[in-house]
Amino acid sequence: MARTVALKQEQVPVESKSTLDAFTKNIGFTPNMMAAFAQSPIAFNSWATLLGSMSKALDVKTRDSIGLAVSEVNGCNYCLAVHSFTAEHMAKLSADDIILARKGHANDPKRDAAVQFARKVIETRGHVSDADLKAVREVGYTDANIIEIVALVAMYTLTNFFNNVFDHEKDFPAVAPAGSI
């Protein structure tokens with residue numbers, strides 16, 4: 001049960017309106033999470049700016065796989081539904097790839113290293129080992145790419161925590177709950 005309101009269009013603060021309208025136009029509807037997040041123009045617009053910038057990091061399959069891995073660790077069923085939907089429809093990941101990503105893996109060796117590293121970052125709260133860094137570097141990721149992986153982990157964690165705190169009504173197709181795969 002939602003712990004905060006998903007704002008109706010006429011309730012959205014003016015400072016959040018253009019950002020929310022852009023998402024609504026792009027997605028085709030207004031997700032409950034965004035309609036609630038828009039209550040804080042500062043947080044919402046900051047997140048939207050980060051999301052826009054991070055959409056240029058790595059490739060879409062790797063980004064969505066990291067989102068799935070992080071959301072699984074954080075037990076965010078709302079984000080798992082969103083990322084499963086986008087991974088299937090935008091990144092063109094198969095159902096098996098989505099489950100693998102939730103488990104912190106991928107079929108592609110380079111993406112697998114990034115997803116494993118991202119999972120270790122969230123599980124260890126950033127206290128990764130030298131071996132973890134070596135493994136992600138060995139497949140070709142630069143330090144700039146590793147910084148992007150860490151930034152993606154942080155961005156996805158923000159929305160995971162936001163959604164876990166407020167428990168929005170799901171408006172994407174449901175997936176198996178976190179931890180049940």
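Values in this text are rule-based calculations from the coordinates and carry no lab data. Since the structure is predicted, the reported quantities are computational estimates derived from the model, not experimental observations. Positions of Cβ are backbone-derived with ideal geometry, glycine not excepted, and every protein chain shown enters the neighbour counts.
Measuring nothing but how far apart in sequence close Cα pairs (under 8 Å, 6+ apart) lie, relative to its length, the chain scores a relative contact order of 30 percent. Grab the other residues whose beta carbon is less than 11 angstrom from that of residue 87, score K and R as +1, D and E as -1, and report the net. Every neighbour counted, the sum reads +1. Contact order for region 13-54, expressed relative to its length and based on alpha carbon pairs under 8 Å spaced 6+ residues apart, stands at 42 percent. Here region 13-54 was treated as a single set of alpha-carbon atoms; its pair distances binned every 10 Å from 0 give 31, 63, 6 percent. Any chance you could run the full-extension gain for residue 110 through residue 49? It's 0.36 nm times the residue separation minus the Cα-Cα distance, nm to one decimal. Result: 19.2 nm gained on full extension. Straight Cα distances below 23 angstrom link residue 110 to the lysines 56, 61, 92, 120, 134, with same-chain residues fewer than 8 positions distant left out. Please report the net charge: other residues with Cβ closer than 14 Å to the Cβ of residue 156, K and R +1, D and E -1. Charge balance near residue 156 sits at -1. With R₀ set to 45 Å, the beta-carbon distance separating residue 137 from residue 8 gives a calculated FRET efficiency near 0.40.
Kirkwood Rh over Cα pairs of region 60-166 into Stokes-Einstein at 10 °C, 1.306 mPa s: D in µm²/s? This corresponds to a translational diffusion coefficient of 119 µm²/s. Dividing the summed helix terms, -39500 (n - 2.57) for each DSSP H run of n ≥ 4, by the number of residues in the chain produces a 222 nm estimate of -20500 deg cm²/dmol to the nearest 500. For the chain, the longest principal axis of the alpha carbon atoms and the long axis of helix 143-166 meet at an angle near 40°.
By its C-alpha gyration tensor, with a ≥ b ≥ c as the square roots of the eigenvalues, how is region 112-180 shaped: rounded for a/c under 1.5, else prolate for a/b larger than b/c, else oblate? In terms of gyration-tensor shape, prolate. Normalised by the number of residues in region 60-166, the mean separation of alpha-carbon contacts (under 8 Å, six or more apart) gives a relative contact order of 36 percent.
Computed from Cα positions, the angle between helix 60-73 and the longest principal axis of the chain comes to roughly 80 degrees. Within the straight-line cut-off of under 15 Å between alpha carbons, the aspartates and glutamates reachable from residue 103 are 64, 72, 112, 123, sequence neighbours fewer than 8 places apart in one chain being disregarded. Taken along its three principal axes, the alpha carbon spread of region 1-103 comes to 41, 32, 22 Å, from the longest extent down to the shortest.
Remark: the residue 15-residue 96 segment gains 25.1 nm on full extension, using 0.36 nm per residue and subtracting the alpha carbon distance.
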